[in-house]
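A short write-up of the structure that comes next.
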Amino acid sequence: MSEKKRLNKNSSKAKIGEAKDALHRFLCTHMRHGYAYYRMIADEENQVDFVYEDVNESYEKLTGLNNVIGKRITETRPGLAKSTPIIFEKYARVAKTGIPDAFEIFIKNENHWYDVSLYSPKKGYVLSMLDDITERKLAENKLQKLSVAVEQSPAIVVITDTQGNIEYINPTFTKVTGYSAEEARGQNLRILKSGQMPQSVYEELWKKILSGDIWNGELHNKKKNGELYWEQGEISAIRNKENVITNFLGVKVDITEQKRTLQELIDAKQKALERDLIKAAHLASITHELRTPMTGILGFSELLNDPDVSQEESAEYIDIIHQNSLRLLTLINELIDIACIEAGDSKVELVDTCVNKLLQDIAAFFKLAINKKGLSLTCTQGLQDSESIINTDRAKLTQIFTNLISNALKFTLTGGIEIGYTRVNDMLEFYVKDSGIGIQHAMHEKIFDRFVQVNNPLTREIEGAGLGLSISKAYVAMLGGTIMVDSVEGKGSSFFFTIPNNHSLCRKRMGSR
Ligand code: ADP
């Protein structure tokens, strides 16, 4: 190569070098990152420090330091070594090894976050590029806290796109609905529709949120397993910087339990109200039932005092007074029975009872009244006399029969009454059948409640307080049986009740005597 060519080549190399240097200097001066170049020094105790060789404007802006060239870090940034000693270690390691490093670091005493990159162009020197990332870090921190809050929130949180397709759900959503995040993501919120809400609710909801308003209300939704639940909360729009709605955010709580408790309270209140009404009605019934015969007794007793009353009339009045006294006595007895049952004072007194004899006595007692009304009475004994002895409460059994036959007599105008019993397995099934007015099906269970009377023009004229059947039901239960009615309106009624046939016990006892 000629001397001229060599000189030319060298001078163009030098030009390229100069251009590069200028470019680097330009970059260092103008770049957004802070740039600082240090020389590492160490004191007698081997404590390292760094002397500024060069910094750019951005560095000065970022750190707020000026005229640092030739000064040490510990001098310009006092407190740094104590608050963040690791930074000195990192700088020293790079200056010594030449291996670059990069990290984010929080400088406690300056309360700032920095993103730092370290390089070492020659041994004992270190070049740092730094960026203040405090704002980003604070935002990240805030986001992190928010994300934890949402993830751990006891509320259901769901984010959808503008079509209602799920993009995010929190764990509470999964806990309540049973859909995992993987199952829910991409699905439309429609999967929760139970079909229990009117369509208008959804229409209103969409209208509101699409217009940017917040919807709040309750929804009856369906879980993955088909179970229904109630949720209450808000759905609102999420907008981007251009103010365009990009997503919807739903924050709701499961209120199924509260709803149930509320309903129970409403029901309880309603029941208490009904009980109060029933009590008031009962009191009215009792008052009426007491007053009616008393008025009769007082009225006709006074008439008897009239000297002009004939003998026939006075006999009639005495009969009326007698009937009314009986009615009063029946009611008083019934009220005492009810009070005893209620207080648990009604005791069962078991005695060996010949059922056939008991039936004969009852039939004999009612025969006159039944015949007087032009009705027939048949009495069927299901067992031989010797077989018909059972250990039971004779008085209560008699009372049950008396109540049922009295009713049959009251509510039968033509035909007749049958009483009797049959053995059914280890029970005796007693019956009282009549060809009377019958009872509508809907009342078959209710008539065994206290003070219940079938609303019927005929029964209204017939005396009674609606207590007989409830007393009978309680007594049958005390004797170990059940009572029921079979009846067709207009065709008659059959009352059946069972009590245990414990004849074998009686026989053994009688045998051992
Ligand atoms: P009451 O003293 O009013 O007869 P009960 O408790 O004995 O009270 O009966 C309740 C109601 O059941 C009666 O008022 C009547 O409406 C109806 N009832 C009871 N037995 C008969 C029957 N054999 N035939 C028709 N209705 C009956």
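In table form, for the structure just shown:
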read-out: Test: residue in the range 410-425 that is among the basic types (K, R), farther than 18 Å from I483 by Cβ and more than 10 Å from the ligand (Cβ to nearest atom); value: no
read-out: Test: residue in the range 159-169 that is of a type in the set (D, E), free of Cβ contacts under 8 Å to residues at least 60 places away in the same chain and either closer than 30 Å to K96 by Cα or assigned by TED's automatic domain parsing to the domain that holds G233 (or both); value: no
read-out: Looking only at the range 352-380, and only at residues there that are assigned to a helix (DSSP H, G or I) and under 11 Å from L409 (Cα atoms), the one that is most open to solvent (accessible area, probe 1.4 Å); value: K372
read-out: The range 466-498 - residue that is assigned to a helix (DSSP H, G or I) and of a type in the set (A, V, I, L, M) and, of those, nearest to the ligand (Cβ to nearest atom); value: L469
read-out: Hits in the range 410-423 (condition: buried (at least 19 other Cβ atoms within 10 Å of the Cβ), of a type outside the set (S, T, Y) and modelled with pLDDT of 95 or more); value: I417, I419
read-out: Counted residues, the range 122-158 - those being of a type outside the set (S, T, Y) and open to solvent by less than 40 Å² (accessible area, probe 1.4 Å); value: 11
read-out: Qualifying residue in the range 381-402 (condition: open to solvent by less than 40 Å² (accessible area, probe 1.4 Å), near the ligand (Cβ under 9 Å from one of its atoms) and either polar (S, T, N, Q) or part of a helix (DSSP H, G or I) (or both)); value: no
read-out: Residue list for the range 163-195, filter: assigned to a loop (DSSP other than H, G, I, E, B) and open to solvent by less than 50 Å² (accessible area, probe 1.4 Å); value: G164, N170, G178, Y179, S180, S194
read-out: Test for P198: is it under 24 Å from the mean Cα position of the chain (by Cα) and in contact (Cβ under 8 Å) with a residue 24 or more places away in the chain; value: no
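Residues checked against (1) over 15 Å from F173 (Cα atoms); (2) part of a strand (DSSP E or B):
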| position | (1), (2) |
| --- | --- |
| M197 | yes, no |
| V201 | yes, no |
| D213 | yes, no |
| E218 | yes, yes |
| W230 | no, yes |
| G233 | no, yes |
| I238 | yes, yes |
| K241 | yes, no |
| T246 | yes, yes |
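The values are calculated or read from the model by the stated rules, or taken from the named source; none is laboratory data. For clarity, every value in this text was computed on a predicted model and none was experimentally measured. Positions of Cβ are backbone-derived with ideal geometry, glycine not excepted, and every protein chain shown enters the neighbour counts. Surface accessibility is based on the protein's heavy atoms, side chains included, excluding ligands, DNA and RNA. Shrake-Rupley method; radii C 1.70, N 1.55, O 1.52, S 1.80 Å.
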